[in-house]
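Here's the structure, in structure tokens; my notes come after.
Just so it is clear, none of the values below were taken in a lab; they were calculated from the coordinates. Small disclaimer: the values here were computed from a predicted structure and weren't measured. Cβ placement follows ideal geometry from the backbone for every residue including glycine, while neighbour counts extend to all protein chains displayed.
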Amino acid sequence: MEVSRVRALRGPNLWSHDTAVEAIVSCTTQELDIAQLPGFEARLRNIFPHLSPLQPLGNYKAAPMAQVLELVALGLQAQAGCPVTFSRTTPTLETGIFQVVVEYSEEAVGRLALELAQQLCLAALEDRAFDVSGALLQLQELDEDVRLGPSTGAIVNAALARNIPFRRLTEGSLVTFGWGSKQRKIQAAEMDGTSAIAEAIAQDKELTKKLLDSAGVPVPQGRVVLDADDAWAAACEIGLPVVVKPKDGNQGKGVTVNVTTREQLTAGFIAAQEFRDDILVERYLPGHDFRLLVIGNKMVAAARRDPPQVVGDGRHTVRELVDQVNLDPRRGSGHATSLTKIRFDDIALASLAKQGFVAESVPPVGQRVILRNNANLSTGGSATDVTIDVHPEVAARAVAAAHMVGLDICGVDVVADSVLKPLEEQNGGIVEVNAAPGLRMHLAPSFGRPRPVGEAIIAAMFAEGDDGRIPVVAVTGTNGKTTTVRLIAHLLTASGLRTGMTNTDGVYIEGRQIDSGDCSGPRSARNVLLHPDVDAAVFETARGGMLREGLAFDRCQVAVVTNIGAGDHLGLNYITTVEDLAVLKRVIVQNVADSGVAVLNATDPAVVRMAKNCSGSVTFFAADKSHPVMATHRAQGNRVVYVEDGKLVAAQGAQRHEVALSQVPITRNGAIGFQVENAMASVAAAWAVGLEWDAIRAGLKSFANENDNAPGRFNVFDYKGATLIADYGHNPDAILALVQAVESMPAKRRSVVISGAGDRRDEDIRQQTEILGAAFDDVLLYQDQCQRGRADGEVVALLRQGLDGARRTSHIDEINGEFVAIDTALARLGEGDLCLILIDQVEEALAHIAKRVAEA
Amino acid sequence: MIKKKNIEFVRVTHLRGPNIWTYRPVIEAWVDIGELEDYPSNTLPGLYERLVAWLPGMIEHRCGVGERGGFFERLREGTWSAHILEHVVLELQNLAGMRTGFGQTRSTSQRGVYKMAFRTREEQVGRAALAAARALLMAAINDEVYDLEAALAPLRELVDARCLGPSTANIVDAATERRIPSLRLNDGNLVQLGHGAAQRRIWTAETDRTSAIAEGIASDKDLTKFLLKSCGVPVPEGSLVRSAEAAWEEAQDIGVPVVVKPYDGNHGRGVSLNLMTESDVKAAYELAARQGDSSAVIVESFITGDEHRLLVVGNKLVAAAKGESLWVDGDGVSSILQLVNTQINTDPRRGEGEDFPLGTVKPHESGEIVLELQRQGMTADSVPQAGQKVLIQPNGNVAIDVTDEVHPSVAHAVLLAARVVGLDIAGIDLVAKDITRPLEEQRGAIIEVNASPGLLAHIKPGVGKPRAVGAAIVEHLFDAEETGRIPLIGVTGTRGASLIVRMLCKLLNLSGLHTGAVCGEGMFLDQRRVVSGNCVNWDAGQRLLLNRTVQTALFESNPRMILAEGLAYDRCQIGIVTDTGSLDDVKDFDVLDEAGLYKAVRSQVDVVLPTGVAVLNAAEPLVLEMAALCDGSVTLYAQDGELPGIAAHLVEGKRAAFVRGNHIVLAEGGIETVLLCLDLLKPATAGNVDSVLAAVAAAWSLNLSTDLICAGLRTFDAAPGSIGN
């Protein structure tokens, strides 16, 4: 078995809506049915007993090795704890070659699982040992490393529940929600609106205290002291007991609490000085530690945090008691569980010493022994949800504290006997506010109910009903894509939306080109969705990117399929037939949002069939409103777009909107059939987005077909009284459409300049000239700059074959070089003649033609 | 002459708010000049000459004379030591870098004792300057040696350490220009602009809307580049490497010359440019790895051209500055260090400290320069040949203003870069040969986006026009019509002021505003008493102004507080004065007559905004007199509506509140509205008719509806300590 070309499909794809790895797997003849490999399955199941059955019950079809690989790769991920379920193996036309697709939740884990699965299969084949638990551990560790942490994960899940799309921007916790101008970002428990100044203020405990005090929030009064004597003076001013601690310390280092005597205070002062020069004396607040989580203007969760502790039973030593507690299966070692093991380290021993114990002491029954003066979950503390206990006045103080500091997400540390009564009534206070607070104690408290804090954070960023999406229109098809994409983008722009567009010429934001070259893949589309100035997006969605990586978006609002026709580029990447192509192009239709619309060409049966794969609604378009598909669809009260009396009509039930074709310049009064189709598709898409009809009409009217708008798409020039048309058409359907369009234009003598692209099938190349031969008097064949894998002269020969027995063509030339061919054709033109030039190097050729036209 | 004369400070007080001297904070010193009372300046030989020689800048002091040289004229003609001290302390503050102008000296009832007040922007600096001024003046009087520079050095240090940095000061000054108040929140550059709920905060060039996540993104150069590139902003090609070998590999990949810099560094530390060879790239990697926090180092293509810094504030390009490369010309004799000192560091723009637009160039200390020289086969001690040009620093300090030359498409790219990262204020570093042309035409690129950018290069560019970046930041924070102010109501007096505050606190809170109040009975936030006990002091008032929730605030004050501390606010919407109090309260301030009391209390009326209202007790002749001082309008009150003051006021079409029969009447010119019958009030409230009238007049001036005023008053309980539900 050989595994080649492993791809990560990072969005909805040919196979599924989910992310997956795809590999080309070639099996030897014996491997085509593993039942033929003696003892293989038994060895396989011995190594990996969790492997699912290779066939459904009662099915005895041959299972190829590729399928084993598929199931092992899926099974390994599932056993490692990844939430994956989809996998599939598909034979190709070549015997022994399969496409294997396995879902992943993390790309790196999916790729590793595929590698490990291959090793596992090989081990079973060769009867070698394989360390499956080691492999699973490797996958688990990688998964833990790369997947989102629990806090960020909770926020992302909350977003997904609200149908808000997300994208990770880093390997860390920086995530962007929504698209374009509606994007918001988070990083763990920070939002993009979280103020850097507020975070800095929260770091400065003294300033925080001053501000909270101003806001009427109870805080432990205190001040910075100069020396031990001053510390005592301060303690007397404040009133005992007090706390002495370093001013900007953290994690409780150098802190002495509950100081009641001068001796204790002096010792505490010296201890604090070990860490910082600025020492603070403040009132000691007795009571429990509580953490109140404030999001926006609401307290959304509260937890009581207890330090790691054990309770004496009169029999066991402290060390034994700790070991017992650590047996609790909920106590893990990382951040993933609701409790963490209590550490028995120097800090624990020091803490014991303060309480008069050593590790081997046997505390009496019921005696609480604290193992560290810090209630962090990560050091063995516990969190108990107390959200519903919080008195409204306590919650109000927490909100006031967050507001005063300026934090939109804030962990407020309260010390009080209880949160059931106002702080003022019990000498409680707020001791600290924290930016980017940990959410684990609320998401997975050690005791009590989890709180939906991820949901609260999402609600703070996205108003109800806002899913952060901008209108996304995906366009695919064999011909007319680029013009349709440009026209839809133009209509969106005309209605005031800042529009991003990708197509085979580049990426455009508000008309400004930010990237050039073929940008019809998902990378370019993702860039548009990331752009802060984009209110709506139109993506030309070519097959290459869809095959390579899947779609750039999970759902689109509108999918437009212009046509499939006889197809193009058939034979590449296991897309062999028009049906294969239709299945591939259907992917955008399958991923239309439930509230979205698929715009489909009613005259193309392959496109019409896609309608049943759309979970949103469908708008059909066709010039002929009586076409059975159109008539049926309309009769059922659905949307259709057609042509009637020189008008483009959009109709649904009694609703009817009209645009005169005379007001749509690219159609030349409706004469150019394929432009009428492009206009109908675009109007249907604009209608689906919900644009105003006035804006649509204005947009259609102002969309001219100069080179600037769509270079290489039916660019018309006047050359010494002859009509010159330049187009990029390169497949039989495109050429047929061009011929139809050109035939409606009067001309004396008709000539055409053409080369064939070498990466088409022979019959496709021949067919182009077969069509042209019926419509043109002169045909100038030229050899294209790049032969795309064909031998010299091969393409021209094919083109010539297509002209055998041509009905109209009387004159054929073979010319070397595109520009020479153009110049030759121009030299022959007389007034009233017409010449169609099928250009290859779009920009250069257009520039050349423009130059010649200018010279004339 | 016997050298035992001395100047003693009896008392030095920092008046932190508007006071009897001026609107702004001052230090008030009670100066006992002792027997110097008998020696005005013209009788002290050589004093004039010495002071003119030591502090020639005092020529600018106009003093009472009103023209340049005014003070020197007074000094020559004869003036007393306390007055001279005032001018010396102001001049020392100026020389130390804290510019102030206001000063005043008045004699007291005690011979030889003066009250001298001088403006200071920072208390510690002011106090130190005062001590230094006395020492200087005594040395001048006694003809002793005085080392001015030695005295100024610690003052300058204090100014550097305690005063706002120049960038922040520029923003605060711009706010002041727009009459937006400011308060410092810490000893650093964290400043609150505006009051209460209308406030905004700045910390140097960060605002309270500067996103922490955006700052995080900006400090991650690789992520920044990825995001910018995705959005079509031109950036240099390159990637992250973790070893010197990988650095060289990457350099070959993208093509030399390359730039090498730390992944997480800032301020150009550890950055090496224009590297061509393997050894240079590897050495630069080591430098960058040392300067950064990790081994991660960025290698990217070196964009040729000048480095530019463009400042974006709130989606506007407000300033652009260009850097210049530094070169020295060898003379065959001097070392590079010497050449740098004679050819570069002699530039008056260069020096140590934030006040100099350009830094001192140190070829033997700066790692980048050492490396740059090393690449040219030299050290700081090398002696270049005569005529040899040596590059010291490619694109050194950014300092030439080019704001007006930036091509619109460059501006578009820069603004987009700030938006993509998410910063409201950003300094964008860009390399381009010609900023007047699009970047795409010249392979220019944005190389970095900086949060909290330095503003100095734009405020004080080495060459070209200074840019009003502070004003741009203030404009970003406050729309044109915003003042940063919330309605503040000050109540000054000794009779019923606390009660008036409490009544108004309730009325304003009922009107739906979050209301803060400080008075003799404590501090109140809405209906809640937060502090009990006397809160008639500056600190308590300040707390209200800091509170981001407070939408309107009330402050009680009295003559004693004004004399001891100054008012807690710079201007107010409503200033209420009930009475001027008794002389007994203020004896220790050397206020011995009613004129003195009047002077203290009038501060309350002086600070009323032009759009505001003074509410004055017409039954008190001294208070009534203050009506003329008010920048805004005046509403009078008194139980007796027939008082001549009220009658005259009404004749002018103005407002007054009084009692007729048993009813409170609001009158404006000839139009009268009967508000309510006093019998409807709770007994404890009804017993304080004057206070009720003051509160009613103020509430009326605040446009509270009469229904609400009546409802509030009827439910108000004047019993102390409660807002009176």
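Which value, in debye to the nearest 20, describes the size of the charge dipole of the stretch B:1-116 about its Cα centre when Lys and Arg Cβ atoms bear +1, Asp and Glu Cβ atoms bear -1, and nothing else is charged?
Its charge dipole is roughly 260 debye.
With only alpha-carbon atoms in the gyration tensor, what are the semi-axes of the equivalent ellipsoid for the stretch B:23-138, in Å, largest first?
Square roots of five times the eigenvalues give 20, 17, 13 Å.
Where both partners of a DSSP beta bridge lie in chain A, what percent of those bridges are antiparallel, to the nearest 5?
Just about 65 percent of them are antiparallel.
Write down the Kirkwood hydrodynamic radius of chain B, to one decimal in angstroms, obtained as one divided by the mean of 1/r over all alpha carbon pairs.
29.8 Å
Report the residues of the stretch B:341-372 in range of a label on B:K389: point 7 Å along Cα→C-beta, backbone N strictly under 17 Å from it.
The answer is B:343-344, whose backbone nitrogens lie closer than 17 Å to the label point.
Using Cβ contacts closer than 10 Å as the measure, can you line up A:V100, A:V365 from fewest to most?
With the fewest neighbours first, A:V100, A:V365 line up as A:V365, A:V100.
Using only Cα positions of the stretch A:106-174, each an equal point scatterer, no hydration layer, compute I(q)/I(0) via Debye at q = 0.13, 0.26 Å⁻¹ and quote the log10 values to two decimals.
Taken in order of the listed q values, log10 I(q)/I(0) reads -0.52, -1.12.
Put one equal scatterer on each alpha carbon of the stretch A:1-151, apply the Debye formula with no solvent term, and list log10 I(q)/I(0) at q = 0.14 1/Å to two decimals.
Debye output, listed in q order: -0.64.
Could you line up A:I488, B:I213 from fewest to most neighbouring Cβ atoms inside 10 Å?
Fewest-to-most Cβ neighbours within 10 Å comes out as B:I213, A:I488.
Hey, what's the Cα Rg ratio for the stretch A:726-856 versus the globular rule of thumb, 2.2 N^0.38 Å?
After normalising by residue count via 2.2 N^0.38 Å, the value is 0.97.
Sum -39500 (n - 2.57) across every DSSP H segment of at least 4 residues in the protein assembly as shown, then divide by the residue count to get the 222 nm mean residue ellipticity, nearest 500.
It lands at -10000 deg cm²/dmol.
Please list the helices of chain A that count as membrane-span-like by this rule: a mean Kyte-Doolittle hydropathy of at least 0.5 together with Cα atoms stretching 18 Å or more along the helix axis, each helix being a complete DSSP H run.
The qualifying helices are A:65-79, A:107-125, A:392-405, A:481-494, A:673-689.
Within 13 Å, Cβ to Cβ, of B:A568, how many net charges do the neighbouring residues add up to if Lys/Arg are +1 and Asp/Glu are -1?
-1
Quick one: net charge of B:A161's neighbours, Cβ under 10 Å, K/R +1, D/E -1?
Residues close to B:A161 contribute a combined charge of -2.
What's the angle, to the nearest 10 degrees (0 to 90), between helix B:148-162's Cα axis and the longest principal axis of chain B?
80 degrees
Regarding the stretch B:332-458, what is the average projected area of its C-alpha convex hull, in nm²?
Hull-based average projected area comes out at 9.5 nm².
Just going by the charge dipole of chain B, with Lys and Arg at +1 and Asp and Glu at -1 on Cβ, which of B:A619, B:T494, B:V402 is farthest out on the positive end?
Working it through, the farthest residue towards the positive pole turns out to be B:A619.
If you average the alpha carbon positions of the stretch A:162-230 and of the stretch A:1-72, how far apart do those two centres end up, in angstrom?
Using only Cα atoms to place each centre, the spacing works out to 50 Å.
Taking every pair of alpha-carbon atoms in chain A, what share in percent sits in each 20 Å bin, from 0 to the bin with the longest distance?
P(r) for chain A, in whole percents per bin: 13, 33, 28, 18, 8, 1.
Taking only the C-alpha atoms, wrap a convex hull around the protein assembly as shown and report its volume per residue in Å³ as a whole number.
For the protein assembly as shown, the hull spanned by Cα atoms encloses 277 Å³ per residue.
What Kirkwood Rh does the stretch A:199-337 have if only Cα atoms enter the pairwise 1/r average? Answer in Å.
17.7 Å
Helix B:408-421 against the longest principal axis of chain B: what's the angle in degrees, Cα atoms only, rounded to the nearest 10?
In chain B, helix B:408-421 runs at an angle near 70 degrees to the longest axis.
Given +1 on the Cβ of Lys and Arg, -1 on the Cβ of Asp and Glu, and no further charges, what dipole in debye does chain B carry about its Cα centre, rounded to the nearest 20?
Once rounded to the nearest 20, the dipole reads 1160 debye.
What does the structure give for B:213-220 when I average, per residue, the other chain Cβ atoms found within 10 Å of the residue Cβ?
Shielding by partners across B:213-220 averages 5.
Need one value for A:215-228: mean number of C-beta atoms belonging to other chains within 10 Å of its residues' C-beta atoms.
Going residue by residue through A:215-228 and averaging, the value is 2.
On a C-alpha basis, how far is the centre of the stretch A:231-300 from the centre of the stretch A:567-602 in Å? Whole number, if you could?
67 Å
Using DSSP, restrict attention to beta bridges with both residues in the protein assembly as shown and report what percent are antiparallel, rounded to the nearest 5.
70 percent
If you place +1 on the Cβ of every Lys and Arg and -1 on the Cβ of every Asp and Glu, how big does the dipole about the Cα centre of the protein assembly as shown come out, in debye to the nearest 20?
2720 debye
How are the C-alpha pair distances of the stretch B:232-321 spread across 10 Å bins, as whole percents from the shortest bin up?
Values per bin, smallest distances first: 19, 45, 26, 10, 1.
Work from the charge dipole of the protein assembly as shown (Cβ charges, +1 for Lys and Arg, -1 for Asp and Glu, about the Cα centre) and give the residue of B:V696, B:L439, A:G690 farthest towards its positive end.
B:V696
Have a look at the DSSP beta bridges in the stretch A:541-631 and tell me what percent are antiparallel, nearest 5.
In the stretch A:541-631, DSSP labels about 10 percent of beta bridges as antiparallel.
Just to confirm my numbers, what's the Cα centroid distance between the stretch A:808-856 and the stretch A:74-95 in Å?
Cα centroid of the stretch A:808-856 versus Cα centroid of the stretch A:74-95: 53 Å apart.
Just want the answer: with Cβ charges of +1 for Lys and Arg and -1 for Asp and Glu, which residue in B:P45, A:G805, A:P49 is farthest toward the dipole's positive end in the protein assembly as shown?
It is A:P49.
Where does each of B:D220, B:D143 land when they are ranked from fewest to most other beta-carbon atoms within 10 angstrom?
Fewest-to-most ranking of B:D220, B:D143: B:D143, B:D220.
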